[in-house]
Structures are given as C-alpha cells and as structure tokens.
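Written below as structure tokens is the structure these notes are about.
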Amino acid sequence: YALGYAIVRPHARTARPAQIAGLVGAIAYAFSGYLASYPLSQLAILETVTWLPLLLLLLRTAVSRTQPLPWLLAAALTLALSALAGHPQTFLHVSYLAAAYYLYHAIGRRWRWTWIVGLGALLALVAVGIWTAAWLPAIRFLATTVRSDVSYQFAATGVEMLDFVQTVVPTTLGFASASYAGLATLMLALLALLAAHGRAATRTPNEIRFWAATAVLAAWLALGDAGILFELVYNTAPGFALFRQQERLLGIFCFALALLAVHGAIFWLEGDAKWRQQALRPIAAIMVGALALTGVILFVASDVAARPTWPTMWIQQALLTAVILFLLWQSPRRRWLPILLIVILAIDLYRPALTAIERQPGMPDRYWAQTAWATAIPSNPPNRLDSDNRIFANVGEAFSLEDIRGISPLKPQALED
C-alpha cells in the first residue's frame, strides 16, 4: 500500500485518490493467484517476497533524497532480511528487480555513474555481509547434495503457455491460478498503458513503462525453455542456472500488474470523463476478445474441456467483466464507487483461493491416507526411514515419520547413494 501510494501521490491532485490507488495495488498483489498458490506449501517463498515492496519503497525514497545513504542502508537491511527468510530463488528474483528499479530511478535522476555503481555496490556488500550467517553454511551444505550439479534441462522447466488462460479465467487448469491478479487489476493496468500513450501522457508517472516491461519479461521467462528467451538468461545472468521451476517468476508478473493497476486507478479517479470513456472502449474490446479467445482455447483443449466447471467459471468472468466495465464507465467522484470496485476486486481474488486452500478440520489422513505399513511403524521410530516416495511430499511430519525423502530437491548425496 505504501509503495503504491508513494508512486502515484506526486501525480494526484489530492491524497484520497492516491490512497485508493495504493489500496487497489495492495489487494491486487496480496491476494493474487501467485501468493495464494505456491507459498501455501512453501512458506519461505512468502517470507522472502514479503520484503519486496518495502525494499522498492526505500530505494525509490533514497534516489529522491539529497542524503541517500541512510535510506540505502535501510534498503540493504531489508534486502538481507529477504535473503535470510530462506528461499534463494525468490531472493534472486527480488534482487534482480530491486537492482533494475534502482538503476531506473538513479539514471532518471541523472546520477553520475560513479555514484550509481559505488552506492549500489555498498548496498550489495552490506546485504551480503548480513546474509553471511545463512549463505556460508548453505554453500557448504549444497556441495554435499544431489543438487550440487544442475543441468540446463533441470533448470529450464517453466509454466505452459496454456496456463496464461488463467490470467482471465482462473481455476480452469487446476487449483493454482498463479497468473491471476483480478479482472479489475487487468483492466486498470490496460487503462494505465493507454494513458501512457494517450492524451494524459503529460501527467503519466514514468514507471508505467518500467512495470509494463517487467510484466512482459517475467511472463516470458516464466515459460522456461518453451519461451526461448530463458536460454539467454540462463547463460548470461548469474543465479538463474541454479534453480528449476521458472514459473515462480509469475510472482513478479502479478506484482507488476498490481502496480500498473495503481497507475490506472489514478487515471480513472482523476481523468476527465471524455478521456476515460474513450479509453474504456478499446479496453472493452480487448477484454471481449480475451474472453472469446480463452473460451475457444478451453473448448478445443480436450483435457481441459473434460472439466465440467470451466464453462461456469467462464460465464462468471464474462458477467464480472461487464460489471467492472460499467463501474469504470461511471464518474468516480461518487465516493462509494471506488470502494465498491475495491470490494469486487477482493471478492474476485478470494474466489480462486476457495478451491486452492483446504480449510476443513480433520486428521492428516484426509489429505494423505495412511496405508497398512505406515500404521504399523511406531509413532517414534528409533531411526529415519526411506519410504521410497510412498509418503507424499512432507506429509510424514503429520505422522511423526522421519523420511529421508520429502519434497525438497536438496537430498544428501550419501543417502541418495
């Protein structure tokens, strides 16, 4: 919320539109499909990425101050806290995005390159120094695991192109709709892009193009080897060769969409009625086209068409699109209208989470049924056991069984042998 507010406040006539826009961005990202999917089973992802908005806010503030050093040191501490949270791949994404954001603003402020490089290096050294308590033993441990040698085939896995259907119609390909950030978010993001090239360009915050490029690049790289671009990044960008499952970049994609929606909300709230209605016509055409295309794709894909629920979700999304377009067409000077849009956005994002989260109480065997051999094992066995992957993921913890397998790819080489 604070980051979204800080980004658009200089471009808003009063504080209230910036407050509303910041709230739109906060809800769009906090309840996005990505944060409601992968982090549910790997909380370290959430604990790492949760520092990203504060980190970018501190970097933005530092570049705009005459005395940037205290703010950059605070940013370094925040970056170190993100690293210490314990998910290296997410930290890699956070670091690259923070570096790009810092360079974007520092170059825009016409800093000398000696300042940019020197202060950037200081920030990195402080963050790495604090992080030493974690990365030094981690590197020693990594060398003893089966993960010590990572091939391109191992690292190049990513999301399928078909999954981006769920950017418009969620929960049609499974429980995780990682690319979904809400229909209102999508339309406000489109409004921001139109504003960047339309009549309102003279008042356009300069970050729109940055976040648009970030969204495109993150979505592209999330495809892994199927996106072609990943091979270049794998060979040139340090760190990307160490991790698999490039679909986790969808977290950056949702984050960029949320901040684009922040900009779009300002143009909706403060743009004149004529420009707003002119901009909404192509947005309506884009959304109708996107819904039609996703409907055809879902129907043609036989394995998806076999799912009986997708037509219902598609119809719901079509109706919701009409409702949101109607609200955006109205004058936002009615104080209740932005609040209603925010409520609709929250409900829209909450719906996919209903299918992703199991919230019914019960014993662990509701999730993973105990077999006869598992029941026969003592509750506190004297040694670890090798279930040969018969225990799903980390569910052995629920039965106090110390399995040497588990969901982590970091398996000790000696046990593997």
Note to self: Please go through the range 22-40 and give me each residue that is more than 19 Å from residue 395 (Cβ to Cβ), of a type in the set (Gly, Ala, Ser) and touching a residue at least 12 places away in the same chain (Cβ under 8 Å), ordered by number.
What the structure shows: 22, 25, 26, 28, 32, 33, 36
Check: If you take the residues in the range 318-351 that are open to solvent by less than 70 Å² (accessible area, probe 1.4 Å) and in contact with a Phe, Trp or Tyr (Cβ under 7 Å, 6 or more places away or on another chain), which one is farthest from residue 178 (Cα to Cα)?
Finding: 332
Margin query: Given (1) within 20 Å of the chain's Cα centre (by Cα); (2) farther than 27 Å from residue 9 by Cα, identify the lone condition not met by residue 315.
Written below: (1)
Checklist line | Answer from 266, 228 - the residue that is open to solvent by less than 10 Å² (accessible area, probe 1.4 Å), aliphatic (A, V, I, L, M) and farther than 30 Å from residue 315 by Cβ | finding: 266
Check: What are the residues in the range 140-177 that are more than 15 Å from residue 241 (Cα to Cα), free of Cβ contacts under 8 Å to residues at least 12 places away in the same chain and open to solvent by 60 Å² or more (accessible area, probe 1.4 Å), if any?
Finding: 140, 143
Next item on the list: Could you list all residues from the range 97-119 that are assigned to a helix (DSSP H, G or I) and surrounded by fewer than 18 Cβ atoms within 10 Å (Cβ to Cβ)?
Entry: 99, 100, 103, 107, 108, 113, 114, 115, 116, 117, 118
Checklist line | Selection from the range 212-260 of residues that are at positive phi and either free of Cβ contacts under 8 Å to residues at least 24 places away in the same chain or not in a helix (DSSP H, G or I) (or both) | finding: 228, 239, 245
Notebook entry, point to check: If you take the residues of the range 64-82 that are open to solvent by 20 Å² or more (accessible area, probe 1.4 Å) and in a loop (DSSP other than H, G, I, E, B), which of them is nearest to residue 129 (Cα to Cα)?
Noted result: 67
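Open to solvent by 50 Å² or more (accessible area, probe 1.4 Å) and at pLDDT 90 or above - does that describe any residue in the range 239-259? Break it down into steps so the answer makes sense when it comes.
Restricting attention to the range 239-259, the residues satisfying the condition of being open to solvent by 50 Å² or more (accessible area, probe 1.4 Å) are 242, 244-245.
Now restrict to residues that are at pLDDT 90 or above: none.
The answer is no, given that none of the residues of the range 239-259 is open to solvent by 50 Å² or more (accessible area, probe 1.4 Å) and at pLDDT 90 or above.
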Item checked: Flag if residue 314 is modelled with pLDDT of 90 or more, within 30 Å of residue 160 (Cβ to Cβ) and surrounded by 15 or more Cβ atoms within 10 Å (Cβ to Cβ) -> yes
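Specify the residue that is farthest from residue 398 (Cα to Cα); the eligible residues are those in the range 41-63 that are among the aliphatic types (A, V, I, L, M) and open to solvent by 30 Å² or more (accessible area, probe 1.4 Å).
The initial filter retains those residues of the range 41-63 that are among the aliphatic types (A, V, I, L, M), namely 43-46, 49, 52, 54-59, 62-63.
Still in the list and also open to solvent by 30 Å² or more (accessible area, probe 1.4 Å): 43, 46, 54, 57.
On the way: 43: 17, 46: 22, 54: 35, 57: 40 Å.
Across the range 41-63, the extreme among qualifying residues is 57.
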Item checked: Every pair of residues 6+ apart whose Cβ atoms lie under 9 Å, when the first sits in the range 1-21 and is modelled with pLDDT of 90 or more while the second is β-branched (Val, Ile, Thr) and open to solvent by 70 Å² or more (accessible area, probe 1.4 Å) -> 20/339
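Scan 266, 283, 315 and give me the residue that is of a type in the set (A, V, I, L, M) and either within 29 Å of residue 51 (Cβ to Cβ) or touching a His at 6+ places or on another chain (Cβ under 6 Å) (or both).
Values: 283 fails: either within 29 Å of residue 51 (Cβ to Cβ) or touching a His at 6+ places or on another chain (Cβ under 6 Å) (or both); 315 fails: either within 29 Å of residue 51 (Cβ to Cβ) or touching a His at 6+ places or on another chain (Cβ under 6 Å) (or both).
Result of the check over 266, 283, 315: 266.
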Check: open to solvent by less than 40 Å² (accessible area, probe 1.4 Å) and either at pLDDT 80 or above or touching a helix residue (DSSP H, G or I) at 6+ places or on another chain (Cβ under 7 Å) (or both), is that true of residue 415?
Finding: no
Check: Just checking, how many residues over the range 28-40 are under 27 Å from residue 269 (Cα atoms) and surrounded by fewer than 17 Cβ atoms within 10 Å (Cβ to Cβ)?
Finding: 1
Note to self: residue 185 - would you say it is farther than 16 Å from residue 294 by Cβ and outside any helix (DSSP H, G or I)?
What the structure shows: no
Checklist line | Residues of the range 4-27 satisfying the condition of being in contact with a Pro (Cβ under 7 Å, 6 or more places away or on another chain) and open to solvent by 10 Å² or more (accessible area, probe 1.4 Å) | finding: 11, 20
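The values are calculated or read from the model by the stated rules, or taken from the named source; none is laboratory data. What you see is a predicted model, and the numbers here were worked out from it, not measured in a lab. Counting neighbours? That spans all protein chains shown, and the Cβs are built from the backbone with ideal geometry, glycine included. Quick note on the areas: whole protein, heavy atoms, side chains included, nothing else; ligands and nucleic acids left out. Shrake-Rupley method; radii C 1.70, N 1.55, O 1.52, S 1.80 Å.
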